[in-house]
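Here's the structure we're looking at; comments come further down.
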Amino acid sequence: MAAVLVAPRRFEVRELPIPACGPDEVLIRVDRCGICGTDIHMFNGHYAAERLPIVPGHEFTGTISRMGERAGPFVLGQRVVADINIGCGGCYYCRRNEVLNCARVRQVGISRDGAFAQYVSIPGRLVIPAPDDAAPSMLALTEPVACVVRAARKADVRFGQSVVVLGAGPIGNLHIQMMRLVGAAPIIVVELSPERARLAVQAGADAVVSDPSQVKETVLAMTGGRGADIVIESVGLPQLYAQAFDLIRPGGHVAAFGITGPGDSIPLALLDTVLKENSVKGSVAGMGEDMHDALTLLLHGRFDVAPFVNTIYELAAIQEAFETLKDRPGVLKTQIAI
């Protein structure tokens, strides 16, 4: 069984053939897969619409059902997670762990069928063993946590740096927790939802601003009048990206994370960027060592996963799960039990 997104806002749960398992691949029996912001963009027809029909889903865990003779030292029934970014493995970008720039890259659940299905096949080199006694609901968070691990690396966050996180939805909450782990201070969050603002404080935010008119005043007051060292845009709205540049200090950094529409852009003040030595860098998906580090952090309890693991829908109810997401702002993650 698999949930096929056949058109924007319409899933069909179908019987599909079990994916082939090549000599270098592992066939994983999926048992839990989280709904990601990217999946929501796809569901609404705002991202990768040209790839429909497709089986989405990439935040998953499962057990090994079959493996090719060259897939690696795995054991049938072993609990695993997987890096979803399948590059060629040998080009300039793959060698640099910039797999999304590989000319032949495919992403599980985004550009090829994914894990809202009973089975998914993955190259063995991208499969990561996990403890059998670890909760599947926690292990299914490995991929989103890897995304914020990579974002922190790309932004080169140092302890004692001030950070603003724009948006405290699921990934924004994980950014807050990641910033807390690396020692950023203060952590200022902008979030309009009262439920998510409360969860942001619980996650470690030093201040949460819910009144848009108070954002800049609060940031300046908490950073000695300079502005933030780093602003993370985690929503994907052009107006928030514009605000991010307005909130950084001279020499500050904008971490571009939220996915916008394909034609969205904002003006960039080039002279200010040059003279103040401001910077911006994008980051979207955890890969390679990011996945291993994310799994380690989760297994050692470095993230509070409680707000992410308690809302579970069966695969047959996936249409309802997606349609009701907007009605559950206090739920940071909905997972599908396969």
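If you go through segment 221-255 and keep only what is touching a Ser or Thr at 6+ places or on another chain (Cβ under 7 Å), of a type in the set (G, A, S) and closer than 19 Å to V157 by Cα, you end up with A228, A255.
Across segment 153-207, the number of residues qualifying as in a helix (DSSP H, G or I) and of a type in the set (A, V, I, L, M) comes to 13. Restricting attention to segment 314-324, the residues that are touching a strand residue (DSSP E or B) at 6+ places or on another chain (Cβ under 8 Å) and open to solvent by less than 40 Å² (accessible area, probe 1.4 Å) total 4. Scanning segment 220-234 for residues that are hydroxyl-bearing (S, T, Y) and surrounded by 22 or more Cβ atoms within 10 Å (Cβ to Cβ) yields one hit, S234. Restricting attention to segment 57-80, the residues that are open to solvent by 30 Å² or more (accessible area, probe 1.4 Å), in a strand (DSSP E or B) and either free of Cβ contacts under 8 Å to residues at least 24 places away in the same chain or in contact with a Lys or Arg (Cβ under 7 Å, 6 or more places away or on another chain) (or both) total 2.
If you scan segment 235-271, which residues turn out to be modelled with pLDDT under 95, open to solvent by less than 50 Å² (accessible area, probe 1.4 Å) and either of a type in the set (A, V, I, L, M) or not in a loop (DSSP other than H, G, I, E, B) (or both)? Once the filter is applied, which keeps residues that are modelled with pLDDT under 95, open to solvent by less than 50 Å² (accessible area, probe 1.4 Å) and either of a type in the set (A, V, I, L, M) or not in a loop (DSSP other than H, G, I, E, B) (or both), segment 235-271 yields only I259. Go through the residues of segment 204-211 one by one and say whether even a single one is more than 20 Å from the chain's Cα centre (by Cα) and without any contact (Cβ under 8 Å) to a residue 12 or more places away in the chain. Checked segment 204-211: at least one residue is more than 20 Å from the chain's Cα centre (by Cα) and without any contact (Cβ under 8 Å) to a residue 12 or more places away in the chain.
Here the strands (runs of 3 or more DSSP E) wholly within segment 2-47 that include at least 3 residues being open to solvent by less than 20 Å² (accessible area, probe 1.4 Å) are 2-7, 25-34. Pairs meeting the criteria (first residue in segment 213-226 and touching a residue at least 12 places away in the same chain (Cβ under 8 Å), second residue open to solvent by less than 80 Å² (accessible area, probe 1.4 Å) and assigned to a helix (DSSP H, G or I), beta carbons under 6 Å, at least 6 apart or on different chains) are V219/L247. With the requirement that a residue be open to solvent by 30 Å² or more (accessible area, probe 1.4 Å), part of a loop (DSSP other than H, G, I, E, B) and of a type in the set (K, R), what does segment 325-338 give you? Residue satisfying the conditions is R328 alone. Scanning segment 272-310 for residues that are open to solvent by 90 Å² or more (accessible area, probe 1.4 Å) and in a loop (DSSP other than H, G, I, E, B) yields a count of 4. Can you spot a residue in segment 100-123 that is in contact (Cβ under 8 Å) with a residue 12 or more places away in the chain, open to solvent by 50 Å² or more (accessible area, probe 1.4 Å) and polar (S, T, N, Q)? Yes, segment 100-123 has at least one match.
The values are calculated or read from the model by the stated rules, or taken from the named source; none is laboratory data. Keep in mind it's a predicted model, so treat the numbers as computed, not measured. Counting neighbours? That spans all protein chains shown, and the Cβs are built from the backbone with ideal geometry, glycine included. SASA here: full protein model, heavy atoms, side chains in, ligands and nucleic acids out. Shrake-Rupley method; radii C 1.70, N 1.55, O 1.52, S 1.80 Å.
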